[in-house]
Amino acid sequence: MENYSGETLSWEMIDGCIELALHREPCNEIGLKTLEELEGFVAAHNELKEESHTLIIHSRMKAGFCAGADLRELYLGASQIGFSNAEPQVRDFLNRIHAVMNAIDSSPLTTIAAVHGVTFGGGFELALTCDLIFADKMTRFCFPELRLGLIPGFGGIPRLNRDLGNAVVRDILLTGRSINATKAQNVGLVSQLAAENESLKLARFTAAQVKKFDRKTSAAAKRFLKPIPYGELNKEIDIFCHLFTEPAVEAGLRKFVESTDAQPYLP
Amino acid sequence: MRTIDDITGEILTLASTHFKVDRENLSPQEDFFKSLGIDSLQALELLTRLENHFNVELPDYEVQGVSDFQTLAERIQSRL
């Protein structure tokens, strides 16, 4: 399917470049509907990859690229059956989102996340599946999960560990602080820094360059350069599921979901 | 070296420009969530604009709970 327009995301193929746009209010929170549509995208990508060279993932939402997992949906789903019984559901969700992330990570196409604004949690993890991250200067990256008693669950730690030094990973993860695009470029996370609202344009310039290369050579180079850390990814799911049943998570998520403060609950 | 007053003045000008509020209507001790009419996502935007303007890093937890321009200026001064 070359073109698709869905509830949470859409894609189109333009001159061999697949553009996947996220567009769920307010900031592309990833819940079951987004997961289903991402799975649909992966199936379409498998059909389109032979005639494509580049994949660009971007957001049409003003607030940012993606604020991560839909914590309200997660909290309400787990509350209904009880947090202590929720592990199988959480594990199923994680297995499915990992399959999506692994498919994008191992795509033979050259993949670019063109990001802006809030790129948090699962959104950061989605960007990390891409070969290149182009960020506008208003982008903020963050793994806030420890502030809720969790670790990132969509493959973030193994991918960040693969791509950057472990000290940088510890800084971002253990403090839960967000970093801006300039800092992210300084540590090697961001490939190209864009002016405000210009990251997609820069990604398209790069797609036009990538198109000139032999597709099989690009794919071979990528396979050589970018191994998928399957062992660590599976371990991450186990740790996340173990932590999820701890009382601190339920309490943290409840405070976050129920907060009406201008600054939502995050310790 | 910038004084607290210099920094506060720059913050007020920057906030007034980007959130389209009259500079005269902003004062250092004021709650910026109220005076700028911003939510938490826009507060993050303000944080990024301040980091870019002053060329500093401001960890979220240092500014968490801070809601007036003057204290924000003090946090920035500690990193200049």
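Values for this structure:
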| item | result |
| --- | --- |
| Chain B-region A:106-157 distance, computed between alpha-carbon centres (Å) | 26 Å |
| Within a Gaussian network of chain A (alpha carbon springs, distance under 10 Å), most fluctuating of A:ASN85, A:ASN102, A:ASN197 | A:ASN85 |
| Descending semi-axes in Å of the protein assembly as shown, equivalent ellipsoid built from Cα gyration tensor | 34, 25, 18 |
| Mean separation of Cα contacts under 8 Å (6+ apart) over length of region B:4-77, as relative contact order % | 42 percent |
| Averaged over A:172-185, number of beta-carbon atoms from partner chains that fall within 10 Å | 3 |
| Contact order normalised by residue count of chain A, Cα under 8 Å, 6+ apart, percent | 19 percent |
| Fraction of antiparallel bridges per DSSP, the protein assembly as shown only, in percent to nearest 5 | 35 percent |
| Built amide H within the under 5 Å cut-off of A:ILE14, gap 5+ | A:GLU19 |
| Of A:PHE213, A:PHE143, A:PHE93, the one that fluctuates the most in a GNM where chain A has Cα springs shorter than 10 Å | A:PHE213 |
| Centroid-to-centroid separation of region A:1-48 and region A:214-263 [C-alpha atoms, Å] | 20 Å |
| Low-density loop cleavage sites - GluC sites (Glu not before Pro) in region A:123-210, where at most 13 other Cβ are within 10 Å (DSSP) | A:GLU196 |
| Of A:LEU55, A:LEU76, A:LEU225, the one that fluctuates the most in a GNM where chain A has Cα springs shorter than 10 Å | A:LEU225 |
| Net charge of neighbours whose Cβ lies under 10 Å from the Cβ of A:SER106, counting Lys and Arg as +1 and Asp and Glu as -1 | +2 |
| Value of [θ]222 nm, deg cm²/dmol, for the protein assembly as shown, DSSP H segments ≥ 4, -39500 (n - 2.57) each, nearest 500 | -15500 deg cm²/dmol |
| Residue-averaged beta-carbon neighbours from other chains (10 angstrom radius) around B:37-49 | 5 |
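Values quoted throughout were computed directly from the atomic coordinates according to the rules given, and no laboratory measurement underlies them. It should be emphasised that the depicted structure is a prediction, and the values quoted were computed from it without experimental measurement. Positions of Cβ are backbone-derived with ideal geometry, glycine not excepted, and every protein chain shown enters the neighbour counts.
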